[in-house]
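Data block below; observations after.
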Amino acid sequence: MLLAAGLRFAGITFDSFWLDEAYQSLADATGQKLPDFINPANQPYLFTFDPPHPISEVLSNFRLVDPLCPPLYAVLLNYWMTFLGGSDLAIRSLSTVLSLASLCLLFWLTQTVFGNRTAIIVTLLQAVSPFDIYYAQEARSYTLTVFASLVSSGALFLTVQGNRSRLTTTALLTAYVLGTWALINSHYTGLFTVFFQFVWSSYMCFKRKALPLYCCLLLSWAGVLLLWLPWLDMFAQAASIRTESFYVARKPSWWWPVWAAAVRVPLNWIVFLSGKKVVAYVAPLYLTASAFLALAVTATFPSLRGRFSFLRTTGANVSFFWLWAIIPAGIVWLADVLEGHRVIEISRYLIATAPAIYILAGYGLSSILSSTWSRYLLIAHVALALANNAYAHAVPQREPWSTLAQKVESLVSPNDLILVSQYYNIACLDRYLTRPLRQVGVTPQLGANHLEKVLSNCHQFWLITAQEGEAIKEMLPKRFTLIQQEDFPHALHLRLYKER
């Protein structure tokens, strides 16, 4: 836990807040209505977020910025900022604390099911996981999703699998209701995990003819729905626009569904163990993660073991964790095939299944830990993961808005006009500026005529573009020519244009 805390707090403010943090998360959590960034202001200005507004305002303004996400993380962050303030460290530390809490739950669940040795290995794998650390240092809801998924799935598993006292069962079912409600309201992809829970628990109860227990589970699901009713309309709104959202579309082909099922799903599992971005010199991290998953397969299915008799006999409980990993991924895959999307290629949307992968990987490795080479494999994986984490805090992993802001303040005079594309990136820029500037948000969707109007009485201007905002360059009036350009990582640019 000390190692995990050190890795998650070290370098937590190295990267600047990026779009989803500086625009969506803060707008949602403060409950503040955003200004009109597109229409030029008469005076230079510096946009800053207000202190957190009352929760009633948070919920009433929640859908104005981020119509696809549930509100629970925004509500928690609102309270968190009320007590700790609005600095980068304070805001991101909520995700860090949730990640550390998940480690505690992961250890307890694994120890209960598989014993001490496996629990230590599993917790170590998540503690050093670059993927988990990345989201533990981001002001988004993903570590909340992991925590809620562990509470929900762990409580359900212990309820169904054990003959426990009435008091213990009641406590576990209460934790299940609250955890499941939190899971759904942290990210709507958590619904796929709830569907897996329904399938598994229904099968187990009918197999054992445990009708009283199943009735208790039905009451628990009714309780989740009852708690969800006040926010159910937000889910309906998100569901109605989901296929029109930012999900990446794919070109129709016969081979993509096969590739996505056979390659992309296991690759997501590898990413959970090795990270979103693995630098070239620690590329073997992919191999060690793959080896852990291969060991999990051989430890689960005795027919695959062959002559490797040192693999210990698998317990029936491990099937729960395989289904936890496979069923939600299968639902996402099916939705992608039917709707022509590639959500299955975005690992964070399956993050509610990440705990199952950590448990399976640790289970596979612990089954052969008596062999010397398996210990070297674990040591190598930890060393490579630590090296990759070190790289992530030496090279920016997100757009360096703080560095850009410093450059802007050194080059741009108070009377210069700055165009920011896309317009919502003003929230990212202004977070790190110290003085007001003449800023105008622009977007390619407004067209060339709008830009001509904005620049009608202008002889020179600066342009800031970030990723999808690059298209604005082709729409600038032809009377302007590029004079100076400053380039930053992750497609962030500062350009000076002057009239010919």
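Quick notes
- Residue in the stretch 17-25 that is of a type in the set (Ser, Thr, Tyr) and surrounded by fewer than 20 Cβ atoms within 10 Å (Cβ to Cβ) present: no
- Test: residue 106 is of a type in the set (A, V, I, L, M) and either at pLDDT 95 or above or under 30 Å from residue 317 (Cα atoms) (or both): yes
- Residue match in the stretch 426-437 (condition: surrounded by fewer than 21 Cβ atoms within 10 Å (Cβ to Cβ), without any contact (Cβ under 8 Å) to a residue 40 or more places away in the chain and in contact with a Ser or Thr (Cβ under 9 Å, 6 or more places away or on another chain)): no
- Flag if residue 86 is under 23 Å from the mean Cα position of the chain (by Cα) and at pLDDT below 95: yes
- Verdict on residue 454 being at pLDDT 95 or above and either over 26 Å from residue 13 (Cα atoms) or surrounded by 13 or more Cβ atoms within 10 Å (Cβ to Cβ) (or both): no
- Restricting 420, 440, 395 to those that are assigned to a strand (DSSP E or B), under 27 Å from the mean Cα position of the chain (by Cα), within 21 Å of residue 19 (Cα to Cα) and modelled with pLDDT of 90 or more reduces the list to 420.
One line per residue, one yes/no per condition, for (1) assigned to a helix (DSSP H, G or I); (2) in contact with a helix residue (DSSP H, G or I) (Cβ under 9 Å, 6 or more places away or on another chain); (3) within 25 Å of residue 233 (Cβ to Cβ):
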position	(1), (2), (3)
105	yes, yes, no
113	yes, yes, no
123	yes, yes, no
168	yes, yes, no
171	yes, yes, no
178	yes, yes, yes
186	no, yes, yes
192	yes, yes, yes
200	yes, yes, no
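- Filtering the stretch 151-200 to residues that are surrounded by fewer than 17 Cβ atoms within 10 Å (Cβ to Cβ), in contact (Cβ under 8 Å) with a residue 40 or more places away in the chain and aromatic (Phe, Trp, Tyr) leaves only 195.
- Any hit, the stretch 303-320, residues being assigned to a loop (DSSP other than H, G, I, E, B), within 27 Å of residue 137 (Cα to Cα) and modelled with pLDDT under 85: no
- Only one of the listed residues (125, 72, 68) is of a type outside the set (Asp, Glu) and either on the phi > 0 side of the Ramachandran plot or over 15 Å from the mean Cα position of the chain (by Cα) (or both). That residue is 125.
- Wholly within the stretch 209-273, helices (runs of 4 or more DSSP H) carrying at least 1 residues that are of a type in the set (S, T, N, Q): 211-228, 232-241
- Considering 114, 17, 37, the condition of being touching a Cys at 6+ places or on another chain (Cβ under 7 Å), aromatic (Phe, Trp, Tyr) and over 23 Å from residue 188 (Cβ atoms) is satisfied by 17 alone.
- The stretch 370-388, subset hydrophobic (A, V, I, L, M, F, W, C) and surrounded by fewer than 18 Cβ atoms within 10 Å (Cβ to Cβ), residue nearest to residue 7 (Cα to Cα): 386
- Once the stretch 233-247 is narrowed to residues that are surrounded by 11 or more Cβ atoms within 10 Å (Cβ to Cβ) and out of contact with any Pro (no Cβ under 9 Å at 6 or more places or on another chain), the residue that is nearest to residue 387 (Cα to Cα) is 247.
- Verdict on residue 112 being out of contact with any strand residue (DSSP E or B) (no Cβ under 6 Å at 6 or more places or on another chain), in the same structural domain as residue 363 (by TED's automatic domain parsing) and over 20 Å from residue 18 (Cβ atoms): yes
The values are calculated or read from the model by the stated rules, or taken from the named source; none is laboratory data. Since this is a predicted model, take the numbers as computed values, not measurements. Counting neighbours? That spans all protein chains shown, and the Cβs are built from the backbone with ideal geometry, glycine included.
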